[in-house]
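Quick notes on the structure that follows.
The values are calculated or read from the model by the stated rules, or taken from the named source; none is laboratory data. These numbers were taken from a predicted model, which means no experiment stands behind them. No Cβ is skipped: glycine too gets one built from the backbone with ideal geometry, and neighbour counts run over all protein chains shown. Side chains are part of the model used for accessible areas, which takes the heavy atoms of the whole protein and leaves out ligands, DNA and RNA. Shrake-Rupley method; radii C 1.70, N 1.55, O 1.52, S 1.80 Å.
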Amino acid sequence: MDSTAKSSKIGTRMMPYMAIPRHDMKTLWSSRLVRLWLGATALLTLLLVGSNWSNFMDGTLIASLLFPYLVFPWFFVAVVLGVTPVSGSRAETLADGILCRPVSRLEYLLATWSARVVLVLSVYLVVTVPAIVLVILAKRPVSEDTVTVYGIITSLGVVGLVLTFLVSLGFFTGTLLRKPLLAVVVLVFIWYPIGLILSIFSLEEFSPISLNQAISTQLRRSWRQTDTEAKDNANVKDADVITDQVSNFFSVLSGVQPKQKANKPDFFEGEKFDDLSLFRVTLGYGLPTIAAVILASLCFYWRDL
Amino acid sequence: MELAIHTEHLTKIYSQRLIAVNDMNLEVPRGSVFGLLGPNGAGKTTTLRLLLGLQRPTAGQAQVFGKSCGPNAVGVRSQIGYLPTNPKLPGNLRPIEYLDLLGKLSRLPGEVRKPRISALLRAVGLLGATDQRIQTFSTGMCTRLGIAASLVADPPLLLWDEPTAGLDPSARRFTLELIREMGKTKTVVVATHILSDIDQICDHLGVMHEGRMIFTGSMQDMKRRLRRHDFTLELEGTAEDVRRLSHEAANLEGIDAHLDTGQALLVRIADGRSRSRALIDVLKLVDESNLSLQAIHSGQNATENAYLQLLQEDEAHGFHR
């Protein structure tokens, strides 16, 4: 079989996986929620940049631009967008239109999840990246800061990961509870006191407010600095911390007293947030994201439409 | 006989509370136009959704063209064109966009998809509405688009649920014609509670009642189930004359006659007695009486009578069901 025929066969097989996200994104884009969100996030970014133009250094200003995505109010939009695909009246439309076609439920779920993640990240990046570029390149009446490209990329990545997690969490809750409004209410009640919930499990460093505070430190980090830390077995330490945190998490859940005190990072000491570990954050938000998508798929697989 | 659909002990119980499909065995011959008939809530739609894998059976199994049905049975769904009752369509799309999306979901390459979409839109009479969004469509237009959607992938099996629901007479006629046409090349299953639709288009029939399949067979088999041969004579004259005629007719061999509502005389002919001879004998009595014959009703409601008889029998069976 020649390569053209092979690629055309792959293209044909992937057709639903391309068509569903395109359709979903088109539908989402035509919704008032997304358009209003884009307008509001652009306006808020403009206001934040304008009002802090001559007050904040680069790192602090960029961190303040990312705050609405991590804490309030845009987490709410990410959750709402995640909740809707397979709940409420939409479930009926997709059963009549899409799932009675030769498309597996997993294909549909992954395609529609991808569409939502791509849309949320697009809106977030379309607004924040130009604002960050403007902040970095403009000559402002504030003292020089040491923000690095590596720091900007990783900070944007951390916020992107949290948004992906929020969409996935909404996706799972919407699939489980079936009623979009109920799912959103449940998630709002979980996400607001998340710092408190995380502190029960000694996981405060993953709370959105902690992350936002740590981002100004991360923005000033250089690749070389991280590389040196890695050489100093920082990842081994990270792995130990993660193991302790997981063990502590399950101990608290099961009500059993932990065998040893969780190896808590020095994250909060001196409020320097030097101990922010991208490895731990990636695992801390990445694994629940994957778990949420898997659980949503299982819920949806067993559901009658 | 090659089967398009085969179910064995198919059962669907919702939340341990409601039995929607009850131990159903169904065989639909390939190439037939099969009517799935039953009152509202009989389990017709659930049966179709089980075949599509939109719902999971509680027990038993279903096969389409020899392949098992289920949520991930993509191969089965590629053989089926489904038209739901009053289809819920994405209102923000236009007909061509919607059919194109469905064509892509069926993995049809562009060179096949595009001409087929245009042919289908022409066939269902929606060529003039291609620039309108679906949300502006009437019920009839949505059904027509739903019909086109079920035919996009040119599947060998069509499952159409109440295809004439909410249609005006001309749209209904168009749909029935289309089913007849489709039946020449495909297996078509039409779920409905409208007997006249079944009578016009189907060659095979399944009757469902309270989740059970209480009859399957050909239309001829169904009509043959009417063991009694009934005629109703509408008469004009005095009540006394009608009563007298009733007595005289009842005295004829192999004929049971009694007064029906008003001036009507119901004549029931026993098995083995020639229907034409019996009718001649009764009409002779009418001729000799002071009555005049207004109308004779017979056979026109055969399917309806057989259907109602089946439902009555099923209910009368009680525990044996």
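Descriptive notes on the structure:
- Number of the exception - B:G81 against (1) out of contact with any helix residue (DSSP H, G or I) (no Cβ under 6 Å at 6 or more places or on another chain); (2) part of a strand (DSSP E or B): (1)
- Residue within the range A:129-150 that is of a type in the set (A, V, I, L, M), under 14 Å from the mean Cα position of the chain (by Cα) and assigned to a helix (DSSP H, G or I) present: no
- When B:V76 is tested against (1) of a type outside the set (S, T, Y); (2) open to solvent by less than 20 Å² (accessible area, probe 1.4 Å); (3) outside any helix (DSSP H, G or I), exactly one condition is not met: (3).
- Of all residues making up the range A:106-149, the number that are open to solvent by 60 Å² or more (accessible area, probe 1.4 Å) and acidic (D, E): 1
- Pick from the range B:156-180, criterion closer than 22 Å to B:E27 by Cα and open to solvent by 20 Å² or more (accessible area, probe 1.4 Å), ranking: modelled with the highest pLDDT: B:P156
- Any chance B:L26 is buried (at least 17 other Cβ atoms within 10 Å of the Cβ), under 19 Å from B:L159 (Cβ atoms) and hydrophobic (A, V, I, L, M, F, W, C): yes
- Leading residue by the ranking (nearest to B:E236 (Cα to Cα)) among those in the range B:248-276 that are surrounded by 12 or more Cβ atoms within 10 Å (Cβ to Cβ) and of a type in the set (D, E, K, R): B:D260
- Verdict on B:G91 being part of a helix (DSSP H, G or I), within 24 Å of A:R22 (Cβ to Cβ) and facing chain A (nearest Cβ under 10 Å): no
- Condition met for B:L105 (within 15 Å of B:L151 (Cβ to Cβ) and within 13 Å of another protein chain (Cβ to nearest Cβ)): yes
- Count of the range B:56-71 residues which are modelled with pLDDT of 90 or more, buried (at least 17 other Cβ atoms within 10 Å of the Cβ) and within 14 Å of chain A (Cβ to nearest Cβ): 4
- Residues being at the interface with chain A (Cβ under 9 Å from one of its Cβ atoms), open to solvent by less than 30 Å² (accessible area, probe 1.4 Å) and hydrophobic (A, V, I, L, M, F, W, C) are entirely absent from the range B:109-131.
- Meets criteria (out of contact with any Leu (no Cβ under 6 Å at 6 or more places or on another chain) and assigned to a helix (DSSP H, G or I)) for A:S114: yes
- Selection of the range B:75-88 for residues being more than 7 Å from chain A (Cβ to nearest Cβ) and free of Cβ contacts under 8 Å to residues at least 40 places away in the same chain yields B:G75, B:V76.
- Hits in the range B:140-155 - residues which are within 14 Å of chain A (Cβ to nearest Cβ) and either at pLDDT below 90 or surrounded by 18 or more Cβ atoms within 10 Å (Cβ to Cβ) (or both): B:C142, B:T143, B:L145, B:G146, B:I147, B:A148, B:A149, B:S150, B:L151, B:V152, B:A153, B:P155
- Cβ-Cβ under 8 Å pairs, at least 6 apart or on other chains, the range B:1-21 side free of Cβ contacts under 8 Å to residues at least 24 places away in the same chain, far side among the aliphatic types (A, V, I, L, M) and surrounded by 14 or more Cβ atoms within 10 Å (Cβ to Cβ): B:Y14/B:A20
- Selection count where residues are surrounded by 12 or more Cβ atoms within 10 Å (Cβ to Cβ) and assigned to a helix (DSSP H, G or I), scope the range B:285-294: 2
- Only helices (runs of 4 or more DSSP H) whose full extent lies in the range B:125-239 are considered here, and the ones with at least 1 residues that are in contact with a Cys (Cβ under 7 Å, 6 or more places away or on another chain) are B:219-224.
- Cβ pairs under 9 Å, 6+ apart, first in the range A:8-24 and at the interface with another protein chain (Cβ under 9 Å from one of its Cβ atoms), second open to solvent by 80 Å² or more (accessible area, probe 1.4 Å): A:G11/A:M18
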